[in-house]
1. Rounded to whole Å, give me the distance from the Cα center of region 180-225 to that of region 90-142.
2. Assuming 0.692 mPa s and 37 °C, estimate D for region 134-269 with Stokes-Einstein, Rh taken as the Kirkwood radius over Cα pairs, in µm²/s.
3. Below 8 Å between Cα atoms, with a sequence gap of 6+, how large is the relative contact order for region 320-364 in percent?
4. As a quick test, which of the pairs LYS171/LYS255; LYS171/LYS240; LYS231/LYS327; LYS171/LYS214; LYS255/LYS357 have an alpha carbon distance above 30 angstrom in this structure?
5. Which whole-Hz couplings ³J(HN,Hα) result when phi for each residue of region 146-161 is put into the Karplus expression 6.51 cos²θ - 1.76 cosθ + 1.60, θ = phi - 60°, listed in order with x for Gly and Pro?
6. Want the number for ASP244 to ASP202: 0.36 nm per residue separation, take away the alpha-carbon distance, what's left?
7. Can you list the HN-Hα couplings for region 349-359, worked out from phi with the Karplus curve (6.51, -1.76, 1.60; θ = phi - 60°), rounded to whole Hz and with x for Gly and Pro?
8. Kindly state, to the nearest 0.05, the FRET efficiency for GLU406 paired with GLN162, given R0 = 35 Å and r defined as their beta-carbon distance.
Amino acid sequence: MRKKLALVLAGLMTLSVVGCGGSNGGSTEAPAAETKTEEAAPAETATEEPAAEETTEAEEATEDAGEATEAGGMDALIEAAKAEGELIVYGSCEEEYLAAACENFEKMYGIKVQYQRLSTGEVQSKIEEENGNPSGDVWFGGTTDPYNVAAGEGLLEAYEAQNASHLIGDKYRDKDGYWYGIYKGILGFMVNRDELERMGIDEPKDWQDLLDEKYKGLVWLSNYNTAGTAKLVINTMIQKYGHDEGIQYLVDLDKNIEVYTKSGSGPSKNVGTGECIVGIGFLHDGITQIVDNGYGNIDLVIPSTGTSFEIGATAIFKGCAHPNAAKLWIEYALSPDCVELAAQNGSYQFLVIDNAKQPEVAAEFGLDPENVMDYDFEDAKENTETYIEEVMTALGSAADDRFQTE
């Protein structure tokens, strides 16, 4: 089996290590944060199309990973993961958190970690193109709607994680073990208080307020095709108002939107500077801008008639080259060793395991993880891709260059 596994590992090309994060395209190799290059290697060049024999070896490695876990528990899994010696992570959380999580995993287990920050939509598109021959091993962070699509397409590997016993509820995991929740974020508005006062415009209090023409050109949202945040916005409006009314709401909202950013956190990063006046996104991103970046001119708004929430997740790619290391990553991601790094690195989502310390700053800003609508994850799992197509069709010519992909 060691010879077979060596064949799999020998087939991997070196992937540029990207510090988690945003759109700067920088790269770094874990854990040596000081080693950087100007641009990460393109995701398409991360690995070559495996030959049929290599695919067979990967499948056998996956089977042995399961046997290792069952036979010897966590100690056996750790040893098997160390024998593989490498892990490739695609992260859809913020860059600082991704870098810290990967570097800590490498430090704890002596397993080399290569990582790249991509939006959830980008990860979904990438693994769909690779069609069962993934260049990465695990997916970390980002909303579950794209995870559910990938699971339905047979692109994620089911795994029954031991540390899942610490999850605070069944809704924070896929029932078949295709993904596990690591945090919870609340959807809302981030507004530049000073700019609205200068314009003599009141802050929006609810979803319907955003349709008022006084907000024309002031609202930013993320791209429905690239950002899990925007996919959740579509599902939220359809679940809140009904199918036809929800799509019409998004068509009406479009009249006031200035930019659709590639990443879900894009609007929040531009509110404090005044480039964006009203940003729709997850409120923990707004907290980051206030607390870490000093933008005291940002107000957080929880829509008065209710809002939804994301579950940020992690999962294993089916057919990955390092199945033992991937399973060990899932166990690690469901532990305080990983999730408590979020608040230490500017990500203030609520945590969803019972043995981790919650970020106090989120509660200080009045956020309540239970004050959310009953989001229908099954409907989102079945229909998200259809809803996106329907919204884009309804927008017609309005689906223009405001939709950023870079």
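Derivation of every value follows stated rules applied to the coordinates shown; laboratory data play no part. If you're wondering where the values come from, they're calculated on a predicted model, not measured in any experiment. Positions of Cβ are generated from backbone atoms using ideal geometry, with glycine treated the same way; all protein chains shown enter the neighbour counts.
1. Measuring centre to centre over Cα atoms gives 30 Å.
2. Diffusion coefficient, whole number: 191 µm²/s.
3. Reported as a whole number, the value is 29 percent.
4. Among LYS171/LYS255; LYS171/LYS240; LYS231/LYS327; LYS171/LYS214; LYS255/LYS357, the Cα-Cα distance tops 30 Å for LYS171/LYS255; LYS171/LYS214; LYS255/LYS357.
5. Listing the rounded values in order: x, 4, 5, 5, 4, 4, x, 8, x, 9, 10, 9, 6, 8, 8, 6 Hz.
6. 12.2 nm
7. Here the 3J(HN,Hα) series is 5, 6, 8, 10, 10, 7, 10, 10, 7, 6, x Hz.
8. 0.30
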